[in-house]
Structure formats: structure tokens, C-alpha cells
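Notes follow the structure.
The values are calculated or read from the model by the stated rules, or taken from the named source; none is laboratory data. Given the structure is predicted, the values throughout are model-derived calculations rather than measurements. Neighbour counts run over all protein chains shown; Cβ positions are idealised from the backbone, glycine included. Quick note on the areas: whole protein, heavy atoms, side chains included, nothing else; ligands and nucleic acids left out. Shrake-Rupley method; radii C 1.70, N 1.55, O 1.52, S 1.80 Å.
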Amino acid sequence: MTTPRARRKVPNEELAYWVKRSGKSYRELSKAIGATMKDLAVRGEPPARTRIGHWIREGERPDAPMPDIVAITLSDLCHTTLSPADRNFTPCGPKCLRTHPAPHPAAPGEEGDPTKRRTALTLLTGAAIAPILPPDAAHASTFKTYATNATATDLEPDDIDSFEGDIAELATTYSARPPAELWPKAFRHRRRADTLLHHRRHTLKEGVDLARHAAMLSVVLAWVAHDAGRRDLVKELCDDAWAHAEQGDAPGIGAWAEDVRCTDALYSGNPLDALAAATRGLQVAPRDGDAAIRLTAQLARTHARLGNGEKFAEAAAQAHRYRDRLPEHGTGLFAVDAARITSYEATSHCCLGQAELAREAATEAIACYRTSPLKAPTRLAIAGLDLAQAHAALGQPDAAIEAARQALTGDRLVSSMRGRARQLDRHLRRRYPTLPEVAAFSQEVRELA
């Protein structure tokens, strides 16, 4: 009598490859398979890590519906779509649906990932595990479905187009509205962009457009957070703008995010962070575009804040070359105009201890803002506070206090103005500790909070 020959154990190299590519240990893969079983409402326990080891080392083949479940799990982990055959398993086929029915895709807000469930349903019905067919056996309906899926959307044309007008309206009216009024409206638009992007079916092109609009709205919100003194939000909003700008194939929006980050770092007393932000922004800003011009001026005043006169002069010269072809006045949050560059120079001269040059630049900027038909109260106030700082440095406390009071009489008082006022107050109290007018001004600054 002949003894039956034992089956030769052949390692499952295909499965071993995909498990390695997933980056998961056998124990972690077991947990992931269990999560897939829960999503698909498949009863039973997930395979133990030792069982997965037997599959790989000894070529054991699990019973249905485990080959399909493993295929689904590794497809999710490896960000691809593979069949049981790709793991050297025998596909279960449509019969698995009768034994282990897959639930309907969850509606938004229900537990589970509807995309994952739809993928699972496709796999279990055999659509994703069908063998590769020669052209004479293929069905035209398959390729028609591909085209249909590429253009399938639940969005209306105005769902995306309306963002252009929303962002333009926020930017244009920004300087005339207080942060407390701007935040709810901008945040509502940003939240709607997130809903459409992540909770509504859309085409790839629509997704790119939504990501771009979401990035710009986060830049607007970052400016509101800066003006409101919420510096903890500025970083997160700028990071969000970068992430969505990359997905929206719009790296230039990242430059606008760095423009906010640079300003916020300067006002919070972190000039090295400001320098890093301006440098990053210039790396992605379109050449000679509006963001590049703003960031060049930012780079100049950042070097001034660091006390580097040589680097300031170099960047300021480039900003001057831009200024010669810019309009005197600009409109809105993303305005690029000669007045802003002049105002930045006033701040820079103050930082470098060049009081006379600071007074000249601040006076020029104030005159420009006051004669502009386009109101920019915050920029006018900052120029006024630069003038006050120049007067104080020139030993003119009365003129400094008068200029500061004029700057702070507007109805749009933001965090940067308070910061400048406190800086001036400290300088005056240190230099003129017994002057009654200085004491009175100091009390007024404390009341600004």
C-alpha cells in the first residue's frame, strides 16, 4: 500500500508582496480585516496573525468569503484595486453575496465609509475580479461605464461658480468690515466648500476647483484670525490653504498663505519665522505676480526688523522697481499698490532707527491713503502709528501722541493696531516717564484692550 504524498507547501509570494507593501504587521492586518468584515456585516472572527502567517509561508488558502475580504482590505491599505487572484487566492465570485450579503452604501453621516462599501460591493459581485478579456470578448458597456463614472456628479454648476463671487466680495469689502462680521460669513463659505468636496459626488475637475476655492477661503480666514488676534488659528489656516492649494494645482495660493503668515509672525515678534514664510512664499509665487510683489516688500521689512540693513536695501530696491509700475491705490485684501510698499518702508525705517526716513515715508503713505477713493482704514492707521513712532524717535512726544490718537480714532480697530500702540506706549514711558501727556496716553492704550 502506497502512503499518500503530503502536499508540497509553496509560499504565497504574491500575498507576501502586498502585505509588505501595506506596511502592516500580521497583527495589524488581522485588525484591518476585522474592520472590513464589520463594514460588510460579515459574521465571524478575523483570522489570527498566525493564520495569516500560514497563508503566506505555507500557501494555505482560506475559505470563502475570506479571499474577497482580504482583497478589499489590502486594496484599501495599498491604495489600489486588486482582486483575490492578485493575492494568489481563488476568487469567491458572486455566490458570496448570497451567503454574506453586503449592506447598502451608508448615507453621509451614517457610520462607515460609503466609498469603501461601494468598492467592496463591486469586488464581491465580481466586477473588479473579472479576468482580463481579449478585445473580441469585451463589452462596450464596460467602457461606457468608465466614461459615465468620470463625468458623474451631484453638483449644480452654480455650486462651484458661486465661490468666485463669494471670495471676490469678501476680499473687496474686507477693509471696511470688522473681523467679528467677516468671520461668520467666510467660515460659512469654507464649510460649504468642505461639504461639497468631501460629502458630495463630484468629478475630478470639480474636485480640483473646489480645492482651489477652499484654499483661498482659508487664506481669507487666516487674515481675519490675524486681525482678531487669534494667532493660534493663523498657522492652522495657512497650513490648510497650502494643503488644498496643492490638491487644486494652484501653488500660487500657497504664496498668499505665506503673506499672511509673514505678517502675523512680524507682529508677534518672531522675525525669523517671518523670514522663513516670505522665502517659502517667493519660491512658489508666480514670477512678478501680485503675490511675489507683496512678498518682496514683506521680505524687505523682515530684514529691517532683523536689523540687516544690507539685505533690506537689496529687497527694497526690488520692491521699488515693482512700485514704479503699480497703481497708487489698490482694491481689497489682495491689493498690490504703491501705497502699501511705501507704508512697509516706513515700518522698515523705524526698525532700522532711521527716524527721518521713516517720517517721510509714513507721511507719504498717509497722504496717499487719505486721498484714495478706496478706503483702507487699517493701512492708514498703521501708517499713522509709524509716523508716531518716528516722531517719538526724533524726540517729539507731543507730535507722536497726536499722530497716534488720530490713527486710533477709526472704527476698525484690529490686533496689529493695538500692538503698535502698546509698542509706542512702552517707548514713550521709558523715555518720558514723568510727562503727564504720556501718562494720559498710556491709560488710553490700556483701554484699547
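For the stretch 313-327, a tally of residues being surrounded by 17 or more Cβ atoms within 10 Å (Cβ to Cβ) and among the hydrophobic types (A, V, I, L, M, F, W, C) returns 4.
Among the residues of the stretch 182-211, those that are of a type in the set (Lys, Arg) and closer than 13 Å to ASP166 by Cβ comprise LYS185, ARG188, ARG190, ARG191, ARG192.
Residues are listed down the side, and each one gets a yes or a no for (1) more than 15 Å from LEU74 (Cβ to Cβ); (2) touching a Pro at 6+ places or on another chain (Cβ under 9 Å):
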| residue | (1), (2) |
| --- | --- |
| GLU14 | no, no |
| SER22 | no, no |
| SER30 | no, yes |
| ALA35 | no, yes |
| ALA41 | yes, yes |
| GLY44 | yes, no |
| THR50 | yes, no |
| ARG57 | yes, yes |
| ASP63 | yes, no |
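Among the residues of the stretch 403-442, those that are assigned to a helix (DSSP H, G or I) and touching a residue at least 40 places away in the same chain (Cβ under 8 Å) comprise SER415, SER416, ARG418, GLY419, GLU437, VAL438, PHE441. Considering each residue of the stretch 30-37 in turn, at least one proves to be surrounded by 13 or more Cβ atoms within 10 Å (Cβ to Cβ) and under 20 Å from PRO11 (Cα atoms). Selection within the stretch 345-391: residues that are surrounded by fewer than 24 Cβ atoms within 10 Å (Cβ to Cβ) and among the small types (Gly, Ala, Ser). The member of this set that is modelled with the lowest pLDDT is SER372.
Can we say LEU387 is in contact with a Ser or Thr (Cβ under 7 Å, 6 or more places away or on another chain) and over 21 Å from GLU258 (Cβ atoms)? In short, yes.
The single condition among (1) assigned to a loop (DSSP other than H, G, I, E, B); (2) open to solvent by 70 Å² or more (accessible area, probe 1.4 Å); (3) under 23 Å from PRO271 (Cβ atoms) that GLU310 does not satisfy is (1).
Residue check: GLY330 meets all listed conditions (1) surrounded by fewer than 16 Cβ atoms within 10 Å (Cβ to Cβ); (2) not in a helix (DSSP H, G or I) but one, namely (1). Output the residues belonging to the stretch 148-160 that are open to solvent by less than 100 Å² (accessible area, probe 1.4 Å), assigned to a helix (DSSP H, G or I) and within 14 Å of LYS205 (Cβ to Cβ). Result: ALA150, THR151, PRO157, ASP159, ILE160.
Looking at ARG118, ARG191, just one residue is open to solvent by 80 Å² or more (accessible area, probe 1.4 Å), closer than 16 Å to VAL224 by Cα and either modelled with pLDDT of 80 or more or basic (Lys, Arg) (or both), and that residue is ARG191.
Residue-wise test of (1) touching a helix residue (DSSP H, G or I) at 6+ places or on another chain (Cβ under 8 Å); (2) touching a residue at least 24 places away in the same chain (Cβ under 8 Å).
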site: ASP158; (1), (2): no, no
site: GLU164; (1), (2): yes, yes
site: LYS185; (1), (2): yes, no
site: THR203; (1), (2): yes, yes
site: HIS226; (1), (2): yes, yes
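Evaluate the following for ALA399: is it open to solvent by less than 40 Å² (accessible area, probe 1.4 Å) and of a type in the set (A, V, I, L, M)? Taking the combined requirement at face value, the residue satisfies it.
Sub-8 Å Cβ pairs linking a first residue in the stretch 372-386 that is under 14 Å from ASP411 (Cα atoms) and touching a residue at least 12 places away in the same chain (Cβ under 8 Å) to a second residue that is assigned to a helix (DSSP H, G or I) and open to solvent by 40 Å² or more (accessible area, probe 1.4 Å), at least 6 apart or interchain, are LYS375/ALA176; PRO377/ALA176; LEU380/ARG370, ordered by first then second residue.
Yes or no, residue by residue, for (1) touching an Asp or Glu at 6+ places or on another chain (Cβ under 9 Å); (2) among the polar types (S, T, N, Q); (3) open to solvent by less than 20 Å² (accessible area, probe 1.4 Å):
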{"position": "ARG200", "(1), (2), (3)": "yes, no, no"}
{"position": "GLY207", "(1), (2), (3)": "no, no, yes"}
{"position": "HIS213", "(1), (2), (3)": "yes, no, yes"}
{"position": "ALA228", "(1), (2), (3)": "no, no, no"}
{"position": "ASP232", "(1), (2), (3)": "no, no, no"}
{"position": "CYS238", "(1), (2), (3)": "yes, no, yes"}
{"position": "ALA243", "(1), (2), (3)": "no, no, no"}
{"position": "CYS262", "(1), (2), (3)": "yes, no, yes"}
{"position": "GLY269", "(1), (2), (3)": "no, no, no"}
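Among the residues of the stretch 174-183, the ones that are touching a residue at least 60 places away in the same chain (Cβ under 8 Å) and either touching a Ser or Thr at 6+ places or on another chain (Cβ under 7 Å) or assigned to a helix (DSSP H, G or I) (or both) come to 4 in all.
Matching residues to (1) free of Cβ contacts under 8 Å to residues at least 40 places away in the same chain; (2) of a type in the set (A, V, I, L, M, F, W, C); (3) closer than 23 Å to VAL414 by Cα:
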position	(1), (2), (3)
ALA265	yes, yes, yes
SER268	yes, no, yes
PRO271	yes, no, yes
ALA277	yes, yes, yes
LEU282	yes, yes, no
PRO286	yes, no, no
ASP290	no, no, no
ARG294	no, no, yes
THR302	no, no, yes
